[in-house]
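Q: First, the structure itself, so that you have it in front of you.
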Amino acid sequence: MFLGLGAPALAQDVHILAFGDSLTAGHGLPRGQGFAPQLEQALRRNGIRTFVTDAGVSGDTTAAGRARLQWTLDGLEEKPDLAIVALGGNDMLRGLPPRQTRANMEAIVAELDRHGIKVLIAGMIAAPNLGPEYGTQFNRIFPDLAGKFGADLYPFFLANVVGDRKLLLPDGVHPNFQGIKRMVSGILPSVLTALGQP
C-alpha cells in the first residue's frame, strides 16, 4: 500500500531478486539507473525498506538463466521474499522453439517454488514478424506457468515502452533511463500485490 494513503510500512526488510537478462541488468545505462535500483527506490518511496538484487545478465536466454539459478541463489546473503523472473526475450529474438522456452521457464519457477520463494513472472510478447503460430505458443508460456505454480504475473515487462523511441537507447531495443522508469511504474502495483501490499 502507499504510505500516502495511510498504510503501514512492512515491519521487516524486504529482499527481492531481479532474475533476468539485459532488461534487468540495465544494459547501456550508468550505475544506479537500471531496473533493480529504480525498483528499489520506488518501493522505498512507498515506505517499504527494500533491497533489490540485480541478477540480470545481458544476453541470457532461459536456458542460461536456468543453468545459473542455483549458484545465484547460493550466493545470496538473504533468502529473497520475492523473485521477479524476467526472461524469454532473447529466446524470442533468436526464434528459439517455444517448447524449449517453456521447459526452461518451468524449471526456473519450479526451483524457486521448491525454495519457498514467491515468484512474480514478468512476461514477454513475441514480435509480430515471427508469425501467429509462434506468437500464440510463446505468449501462452507466461500465463500458463503463473497459473500452474500460483505465481503472480505481470503480462508484459516492456508494456508502454517497446516501440517508443523516446524511451529507448539508440539501439532501438533497450530502454533508456526514462524507459526503465516507465517499466518500474508499470510493474510496481504487481510487486506491491506480490508483497502483500495491495
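No value in this document is a laboratory result; all are computed from the given coordinates. Treat the numbers as computed from the prediction; the structure is a model and nothing was measured. Please note: Cβ atoms are built from the backbone with ideal geometry, for glycine as well, and neighbour counts cover all protein chains shown.
Q: Using a 10 angstrom cutoff on alpha carbons, build the Gaussian network for the chain and name the most mobile of P175, P98, P128.
A: It is P128.
Q: On to the next question. Which trypsin sites (Lys or Arg not before Pro) does region 88-192 hold that lie in a coil by DSSP with at most 15 other beta carbons within 10 Å?
A: Of the trypsin sites (Lys or Arg not before Pro), the ones in loops of region 88-192 whose Cβ has at most 15 other Cβ atoms within 10 Å are R94.
Q: Rank L130, L153, L145 by mean-square fluctuation in a GNM of the chain with C-alpha springs under 10 angstrom and give only the top-ranked residue.
A: So, out of L130, L153, L145, the one fluctuating most is L130.
Q: What's the extension gain from Q100 to A64 if we count 0.36 nm per residue and subtract their Cα-Cα distance?
A: Stretched fully, the Q100-A64 segment lengthens by 11.8 nm.
Q: Now for a separate question. Positive end of the dipole of region 84-198, charges at C-beta (+1 Lys, Arg; -1 Asp, Glu), about the Cα centre: which of V161, A146, T136 has its Cα farthest in that direction?
A: Projecting each Cα onto the dipole axis, the largest value belongs to V161.
Q: Estimate the FRET efficiency between R49 and H115 by the formula 1/(1 + (r/R0)^6), using the beta-carbon distance for r and 22 Å for R0, to the nearest 0.05.
A: That gives a FRET efficiency of 0.45.
Q: Under 18 Å from the Cα of K118, which lysines turn up, not counting those fewer than eight places away in the same chain?
A: K79, K148
Q: Return the distance in nm (one decimal) between the two label points of a simple spin-label model at L130 and D74, each offset 7 Å from Cα along Cα→Cβ.
A: Taking the simple label geometry, L130 and D74 are separated by 3.1 nm.
Q: If you build a Gaussian network model of the chain, linking Cα atoms that sit under 10 Å apart, which residue out of D74, D60, D91 swings the most?
A: Of D74, D60, D91, the most mobile in the Gaussian network model is D74.
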